[in-house]
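Everything below concerns the one structure shown next.
The values are calculated or read from the model by the stated rules, or taken from the named source; none is laboratory data. This structure is a prediction, so every number in the text was calculated from the model and none was measured. Cβ coordinates were reconstructed from backbone atoms using ideal geometry, including for glycine residues, and neighbour counts include every protein chain displayed.
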Amino acid sequence: MSSAAELPTSEEPPAPHELPAAARVSAAAGVSAAAGLPTAGLSAATGVPAVGERPGTVGIPDATVARLPVYLRALYALAERGVSTVASDELATAAGVNSAKLRRDLSYLGSYGIRGVGYDVDYLVYQVSRALGLTQNWPVVIVGAGNLGRALANYGGFLTRGFRISAVLDTDQAMVGRELGSVIVRHVSELEAVVSSNGVAIGVIAVPAGAAQAVCDRLVAAGVTSILNFAPVVLNVAEGVDVRKVDLSIELQILAFHAQRRSAERFGQAAGHAAAEA
């Protein structure tokens, strides 16, 4: 069960999903104001952003934004199990954070648990998705149709999480024209046309390190300002372009460090026991 700490004060109003339909518009507007979200784009009928409107994230710290996808993943898992409400400590455990941090993070969205009940899972999924901009499908282009690019293109989970693979591009003529996922591989020479015609917002770089910067430069010049980079190289971009780097070798090296440390600790403990017994 949730604790009283889930509510900032005893006078905290009920969540919008618990209000009568006529009251939801003003409640949703209050949620938007509390989270620093614009209210002008709220539908008069439902109190949710109108189609095409993108809620802002003004006032939400970067550290909180980084944790929101983790909360969303935990919430999806709960929803798939048929869980309708969840206490803050249970959700925090599922997300791997402490409950105080989780409550503070969710308060930026205007979401507070109900005393003795907790959070409504479906409504919280909506709130987090809205804050992350996932209430629409973002067009994504993947540059590179190698093993990694093909795996990404064939992953069906992107669409259910708010992302639509619009195109896969490659320089290999043997790959051009082949079907990957729901798209046909096109030549990288079409990059600019693909970005323009599909309104691509996010570019994924899955090419060798030597080609990554040139691909990045072309994506940015074409108007892409959000890039996910799988190439093992640091990309140089202009201010206003967001780059997220995924380097599996670095992650494995970090895991190797921790595995080595645990092995050394076990060896030291075993040596200590042997010395004591001697």
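Results, tabulated for the structure shown:
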| read-out | value |
| --- | --- |
| Which listed residue is free of Cβ contacts under 8 Å to residues at least 24 places away in the same chain, in contact with a strand residue (DSSP E or B) (Cβ under 8 Å, 6 or more places away or on another chain), surrounded by 13 or more Cβ atoms within 10 Å (Cβ to Cβ) and small (Gly, Ala, Ser), from ALA212, ALA206, ALA231 | ALA212 |
| Some residue of region 153-161 being at pLDDT below 95, more than 30 Å from ALA214 (Cα to Cα) and either crowded, with 22+ Cβ neighbours inside 10 Å or in contact with a His (Cβ under 9 Å, 6 or more places away or on another chain) (or both) | no |
| Hey, TYR76 surrounded by fewer than 20 Cβ atoms within 10 Å (Cβ to Cβ), of a type in the set (Ser, Thr, Tyr) and either free of Cβ contacts under 8 Å to residues at least 24 places away in the same chain or under 30 Å from LEU219 (Cβ atoms) (or both) or not | yes |
| Pairs with Cβ under 9 Å, 6+ apart, first in region 98-120 and on the phi > 0 side of the Ramachandran plot, second part of a loop (DSSP other than H, G, I, E, B) and of a type outside the set (Gly, Ala, Ser) | GLY110/LEU37; GLY116/MET1; GLY118/MET1 |
| Residue check, PRO61 under 30 Å from CYS216 (Cα atoms) and touching a Ser or Thr at 6+ places or on another chain (Cβ under 6 Å) | no |
| Single condition GLY181 does not satisfy, out of (1) surrounded by fewer than 13 Cβ atoms within 10 Å (Cβ to Cβ); (2) of a type in the set (Gly, Ala, Ser); (3) farther than 25 Å from VAL65 by Cβ | (1) |
| Any hit, region 252-268, residues being in a loop (DSSP other than H, G, I, E, B) and out of contact with any Pro (no Cβ under 8 Å at 6 or more places or on another chain) | no |
| Test: residue in region 119-132 that is hydroxyl-bearing (Ser, Thr, Tyr) and touching a Phe, Trp or Tyr at 6+ places or on another chain (Cβ under 9 Å) | yes |
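Quick grid of which residues meet (1) part of a helix (DSSP H, G or I); (2) at pLDDT 95 or above; (3) in contact with a Pro (Cβ under 9 Å, 6 or more places away or on another chain):
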{"position": "ALA94", "(1), (2), (3)": "yes, no, no"}
{"position": "ARG103", "(1), (2), (3)": "yes, no, yes"}
{"position": "TYR112", "(1), (2), (3)": "no, no, yes"}
{"position": "GLY116", "(1), (2), (3)": "no, no, no"}
{"position": "THR135", "(1), (2), (3)": "no, no, yes"}
{"position": "ILE142", "(1), (2), (3)": "no, yes, no"}
{"position": "LEU148", "(1), (2), (3)": "yes, no, no"}
